[in-house]
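The values are calculated or read from the model by the stated rules, or taken from the named source; none is laboratory data. Worth saying up front: this structure is predicted, and the values here are computed from it rather than measured. A quick note on method: Cβ atoms are made from the backbone with ideal geometry, for glycine too, and the neighbour counts reach across all protein chains shown. For accessibility, only protein heavy atoms count, side chains too; no ligands or nucleic acids. Shrake-Rupley method; radii C 1.70, N 1.55, O 1.52, S 1.80 Å.
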Amino acid sequence: MASGRKREFDYELALNAAMNVFWQKGYSGTSMSDLIERMNINKPSMYRAFGNKEDLFIKATERYLETKMKPHMALLFEEGATLKDRFKKHMMSIVDMQCSTSDAKGCYLILCQAELIGGGIPMQAELLLKDAEAIPTQCYADIFSNDPEAILLGLSQNAQSNSLCLYTMLKGTAAMARSGALRSELEYSIDTILAGIGLD
């Protein structure tokens, strides 16, 4: 730190707390007082360690991508598993998180991405959210286009449409989880959509 003073708080815990505030309230709905209270630090300490609200949001979003999104995406490449099992594990891992009581309900990214149309999110944060939204759909499309099992099942013929179908379902389960839907109810929806595209 520029002042040479030792931090009097746990940086990682504070950043996780900020991530959960944004996850619950979105960018526009989160106030500086919300952040300071949940992070359990004072305003000068927050600005020194994290910058302004946009800077903190970007750091929190990057934390979400690293600690939440990456583990979900890794399940799509599990060796020895069928294509159906990989997609089912991936999607149910996301649903488990969406329904979790330890974190905010639903999906951090989907909640914040829904705010983009209103224009209330600063440019750098907006670019990060748009880049993040492209990750799953592009990954799904690449798998449907190139995976030998997907090609054998004919899923490569509609790779982009199949990708959009699955991502649309996950946006829907995020909204339903925030409304209180149960994991078991959402699992039925996941099984149905996978069967609908040919993974039954």
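Below, the figures for the structure above:
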| quantity | calculated |
| --- | --- |
| Filter on Lys88/Lys171; Lys25/Lys105; Lys88/Lys130; Lys70/Lys130; Lys70/Lys171; Lys89/Lys130 - keep pairs with C-alpha separation over 20 Å | Lys88/Lys130; Lys89/Lys130 |
| Whether the range 26-105 is rounded, prolate or oblate, judged on the alpha carbon gyration tensor where a/c under 1.5 counts as rounded | prolate |
| Ranked order, Arg178, Arg63 - accessible area, probe 1.4 Å, largest first | Arg178, Arg63 |
| Separation of the Ala195 and Ala81 label points, Cα + 7 Å toward Cβ, nm | 2.1 |
| Two-decimal Rg to Rh for the chain - Kirkwood Rh, Cα set | 1.04 |
| Gain on full stretching of the segment that runs from Gln138 to Leu13 - 0.36 nm per residue minus C-alpha separation | 41.8 nm |
| Cα gyration tensor, the range 119-200 - rounded (a/c under 1.5), prolate or oblate | oblate |
| ³J(HN,Hα) computed for each position of the range 178-195 - Karplus, 6.51 cos²θ - 1.76 cosθ + 1.60, integer Hz, glycine/proline x | 5, 8, x, 4, 7, 4, 4, 5, 6, 4, 4, 5, 5, 4, 5, 5, 5, 5 |
| Computed over the range 124-170, Cα set: Rg, Dmax in Å | 12.2, 41 |
| Net dipole in debye of the range 47-200 [+1 Lys, Arg Cβ; -1 Asp, Glu Cβ; about Cα centre; nearest 20] | 440 |
| Restricting the range 9-107 to chymotrypsin sites (Phe, Trp or Tyr not before Pro) in coil, as DSSP defines it, with at most 15 other Cβ within 10 Å | Phe9 |
| At R0 = 41 Å, FRET efficiency that the Cβ-Cβ distance of Leu153 and Lys130 yields, to 0.05 | 0.85 |
| Label-point separation, Thr67 to Asp34 (7 Å along Cα→Cβ), nm | 1.8 |
| Longest site-free stretch - the chain; sites: GluC sites (Glu not before Pro), DSSP loop, at most 11 other Cβ within 10 Å | 80-200 |
| Using θ = phi - 60° and Karplus 6.51 cos²θ - 1.76 cosθ + 1.60, couplings along the range 63-71 (whole Hz; Gly, Pro as x) | 5, 4, 4, 6, 8, 10, 6, 4, x |
